[in-house]
Each structure stands twice: as C-alpha cells, then as structure tokens.
Amino acid sequence: MMRCILIVGILLPHSWAHPGFFTSIGQMTDLIHTEKDLVTSLKDYIKAEEDKLEQIKKWAEKLDRLTSTATKDPEGFVGHPVNAFKLMKRLNTEWSELENLVLKDMSDGFISNLTIQRQYFPNDEDQVGAAKALLRLQDTYNLDTDTISKGNLPGVKHKSFLTVEDCFELGKVAYTEADYYHTELWMEQALRQLDEGEVSTTDKVSVLDYLSYAVYQQGDLDKALLLTKKLLELDPEHQRANGNLKYFEYIMAKEKDDNKSTSDDRSDQKTTPKKKGVAVDYLPERQKYEMLCRGEGIKMTPRRQKKLFCRYHDGNRNPKFILAPAKQEDEWDKPRIIRFHDIISDAEIEIVKDLAKPRLSRATVHDPETGKLTTAQYRVSKSAWLSGYENPVVSRINMRIQDLTGLDVSTAEELQVANYGVGGQYEPHFDFARKDEPDAFKELGTGNRIATWLFYMSDVSAGGATVFPEVGASVWPKKGTAVFWYNLFASGEGDYSTRHAACPVLVGNKWVSNKWLHERGQEFRRPCTLSELE
C-alpha cells in the first residue's frame, strides 16, 4: 500500500501575516526560503503521483497479459478451477482496490502546506507596491524600460528579465493610478517584446487597447488614432476600439473645423486632453534630490574640498579612545557632516539585525497636524526600536555614541533599526521639529532633536545614498561606518540646511540604524550661544 507523506513547511512568524513585505528586503529574503519549501513539497507531490501512476501501470500490464491469454480460449481458461476462483476474486475485490488507488488524492500534503503558507503570502498591496517601486527607480535613476526589462542594472549578481506579462502588469498598475506617462512606456515595451517574437499569453490587442487610451489621455490624438486602427486590423470587431475610432475621428474633424473658423475666437480651446507636462509635485526639490541620488549636481568646490580632513578622534581624551582613537572623516562642511569609519563591527551589526528582524514593521513619520506617528508613501522601509537594557551590545553602541559626540544619550530616542524595501526610500525631510510643529516631540518631554547619528550596517550595490538637497551633498552607504550631524544650531534654532533624504535602493539590501539625540541633558555639553545661526 502506497503512503502519501504530508510535508508541512516551516511556519513564518505570525506577525508576518500583515501586508508590507515590499517595504523590507530583509523580510523578502525569508520569503525565498518559504518558496523553496513549497517547491520541495510540490516535488514530493509529483513523486507521489508518479509512484501512483507506476502502480496503476503495473496493474494494467499484468491484467493485459492475463486477459490476452484468457480471451484466446475462454472456456478452457475458466475450466481450470484456480482460474475461475481468481477471476471471481479479481472482479469482486481487486478491481475495487484499483478503483480506490485511481481515486486516491495524492495532493493532500501539498495542498495542506500551500494552505498553511498562503496566509503569510504577500498580497495585492505588496504586488502594487513593488510595481510602483520599479516606476520610482525608473524615474529617479533615468532608466529606460528596455534597460529594466533586460535586467541591465549596475551591481546586479543575479540577472533577471521582465516578460511581456510583467511589462503589461506594470503598465496596468500605472494606468490604475492614472499615470498615463508610465502606462505608455510599459505598454510600448510589452508591444516591442511581442514584435520581437516573445511567446506570451498577453496579446497585442490587449496591449494596444491600454496604449491607445494612455496616448490619447496625454493629448497625442494622431498617435492614438494610429494605434486604434492597428488594433482594429487585429480585431475588427473590438467594440471599444470601434467606439474610440469614431470618437477620435469626430474630434479631429471638429478641430479641423475650428481651425478653419475665423469668426469664432476659440482657437486656444480644444476638446482633446492637453498634453500633460510635469505634474505639480508635492516635493519642490524633486529634480535636485533625484540628481543627487544619481551622483549628479554635487556642489562641493575644490577650495572647500581642501578644508575637509581625515583625523583620529579620541572623544575629547575619552579613556576608551586614547589608545584606539576613532577614524573620522569630514564629509561636508556646512552643515558639518562627519563620517566615523570602522565604528561598528560585523558581529555587532548581525546582533542588532537579529534583534530587529522579528519586530520590523512599516516605518512611520510624525504627522505635523496630530503629532502622532503614521505611515507615508514617501517613506518605504520597515523599522524596529531597540532599548539599551535589552542587550549589552545595544547598550555598548549607545555609550559609544555618547563618548564620541560628547552628548548625553539618556534623553535620546531608542536605537531605530531600518531595512529598506524594493526601491526603498525616505524622501526629503527634517529630523527636527519646525516652529509650526510645537507638539512633535511633546510626549517625549526631552525637547527637539539636536543631532542625528546614522549607522550604515550594509553596503549597497547601487543607489541608497543619503543626500542633502539644500546644500547639494551626497553621502554613500559603507558598511561599518556612521555619519553624524547637528540638526540644531547651538542657539536651539533649526538648521534648515540639514534637510535630507534616503535615496531609493536600486540594487541591494540597505540596513541602517540611527540615534536621535535630544536637547534635554545637553545644556552644559553644548552651551547655547547668543546668535541664532551659531
């Protein structure tokens, strides 16, 4: 009797049932192991089906030989009492056993495993989020659709291609968001790959349907009409395309009549949608920010560059750093941004990551109106908070920050660990609370964020820089280093030149941890000055 083995996969933590996988590469890597487990379960199911089929095949071969012999001389065959007995037994018992074998469902183990794992699968939000991330990377790093589709990205270890279905899906996501610019780009890419002979379940009619409307919405009526006619050549009965064709021809005829008319002064008014230019962006420095992410537009002059130095820093004669001073490098002059090299070990990084991983949740921002934490589309990452009392490594890291900055960490926020997802980013923002946000840190009771300490806990293959659009500075991730800057002048006034951003991660996995130090406790460590800008 054949037995089907139930293979139950490794269960993911319950907290992972929540959406948001696309916001953390760290959690997505664990999904790879989940999928591998499902593949193993699938192969076990295939093996069970093959074993079952092999048994049925043996039955068929045995019965074929038997019946071939019996049909040559039926009377003589059943005239033998043993053959007569075995015929009764086969038809009464053994064929029932064969029937049960044929009806036996070998998929129970695989389906059970799949059902258990499915509750932890990414959902529609994750798929759409990952698609939007690709569009964001396309814009930020000036990538064309063909480059992305062929996987020709800098620093990639595992090259991957987009199929026609993938391109079509990206176009549909953009279409759903009324982003007709990206709809056109990706539908054209899908069409190009179909024209090159790629075999696909997505046909040209479906692609042209979306493409023609996206082009029309951007105001290119001639191209929309051409694409619609191309669609109708492939499917003359396409109802929507026939309707669009009549509508486009009507509009073009009306425009021609309006242009000929001299009596009616409506030459600037057209019924076609106007070509969309650059949309009004909520982020005024978008162009500057994206240039810096690409390593362009950096404003450091040679004269200023000469004033930046590398040095050994002993934390103002701190006993811990006298014999083994920290390596310090000036990254920028105004605001002063300092990088500390080899300031956190690989072992410490792994401990911090291991502590944070089970707690990672969608990163939040302070809502200036409510003062409460909320998620935002301009921050795509997951984060966790670690207290010093939880682990001696975290406590040691906190004290290291205090020793090197000279600032009291007892009033600082807990160590925040962040892992960025697909196209993970944090658009330009201030770490400190502005004057119109008086309640931003009211609950903490420790004043404003006086300074920021940022650990880089991984190297990033491409992208992921920390940029300062106001001053044209870019700081690139380097594992084991940390950067430090003051958000407030010594007077307590905010330094608006510290507005910064985490650029989208193009290729790789970005881990950081940061410590926000607050004003309380720093009164004698960093005395106030009389000038607002000092």
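The values are calculated or read from the model by the stated rules, or taken from the named source; none is laboratory data. Computed from a predicted model, the values in this text were never measured in an experiment. No Cβ is skipped: glycine too gets one built from the backbone with ideal geometry, and neighbour counts run over all protein chains shown. Areas reflect the complete protein model, heavy atoms only, side chains present, ligands, DNA and RNA absent. Shrake-Rupley method; radii C 1.70, N 1.55, O 1.52, S 1.80 Å.
Observations on the structure shown:
- The stretch 130-158: number of residues that are in a helix (DSSP H, G or I) and either of a type in the set (A, V, I, L, M) or under 19 Å from Glu290 (Cα atoms) (or both): 14
- Any hit, the stretch 484-493, residues being open to solvent by 20 Å² or more (accessible area, probe 1.4 Å), polar (S, T, N, Q) and outside any strand (DSSP E or B): yes
- Considering only residues in the stretch 159-195 that are acidic (Asp, Glu) and not in a loop (DSSP other than H, G, I, E, B), the one that is most open to solvent (accessible area, probe 1.4 Å) turns out to be Asp195.
- Some residue of the stretch 446-467 being more than 30 Å from Ser345 (Cβ to Cβ) and open to solvent by less than 10 Å² (accessible area, probe 1.4 Å): no
- Applying the set (1) at pLDDT 90 or above; (2) not assigned by the TED database to the domain that holds Ala214 to Lys276 leaves exactly one unmet item: (1).
- Pair list, Cβ under 7 Å, 6 or more apart: the stretch 218-241 residue among the small types (Gly, Ala, Ser), other residue outside any loop (DSSP other than H, G, I, E, B): Ala224/Ser212; Ala224/Val215; Ala224/Tyr216; Ala224/Phe248; Ala241/Asp209; Ala241/Thr228; Ala241/Leu231; Ala241/Leu232
- All positions within the stretch 39-59 that are acidic (Asp, Glu) and open to solvent by 70 Å² or more (accessible area, probe 1.4 Å): Glu50, Glu54
- Among the numbered conditions (1) closer than 27 Å to Arg136 by Cβ; (2) open to solvent by less than 20 Å² (accessible area, probe 1.4 Å); (3) not small (Gly, Ala, Ser), the only one that Tyr213 does not meet is (2).
- Looking across Gly445, Gly463, Gly472, one residue alone is closer than 23 Å to Glu285 by Cα, more than 21 Å from the chain's Cα centre (by Cα) and in contact (Cβ under 8 Å) with a residue 12 or more places away in the chain. It is Gly472.
- Criterion: closer than 30 Å to Asp459 by Cα, polar (S, T, N, Q) and modelled with pLDDT of 95 or more - qualifying residue of Thr202, Thr228, Thr145: Thr145
- Among the residues of the stretch 508-522, those that are within 30 Å of Leu134 (Cβ to Cβ) and either open to solvent by less than 20 Å² (accessible area, probe 1.4 Å) or assigned by the TED database to the domain that holds Gly26 (or both) comprise Lys510, Trp511, Val512, Ser513, Asn514.
- Reported count of residues in the stretch 219-237, each being out of contact with any Leu (no Cβ under 8 Å at 6 or more places or on another chain) and either open to solvent by less than 10 Å² (accessible area, probe 1.4 Å) or closer than 20 Å to Ala131 by Cβ (or both), is 1.
- Tabulated pairs, the stretch 188-216, first farther than 19 Å from Lys246 by Cβ and in the same structural domain as Leu245 (by the TED database), second assigned to a helix (DSSP H, G or I) and among the basic types (Lys, Arg), C-beta under 6 angstrom, 6+ apart or interchain: Leu194/Lys204
- Among the criteria (1) crowded, with 16+ Cβ neighbours inside 10 Å; (2) in contact (Cβ under 8 Å) with a residue 24 or more places away in the chain, the one Val156 does not fulfil is (1).
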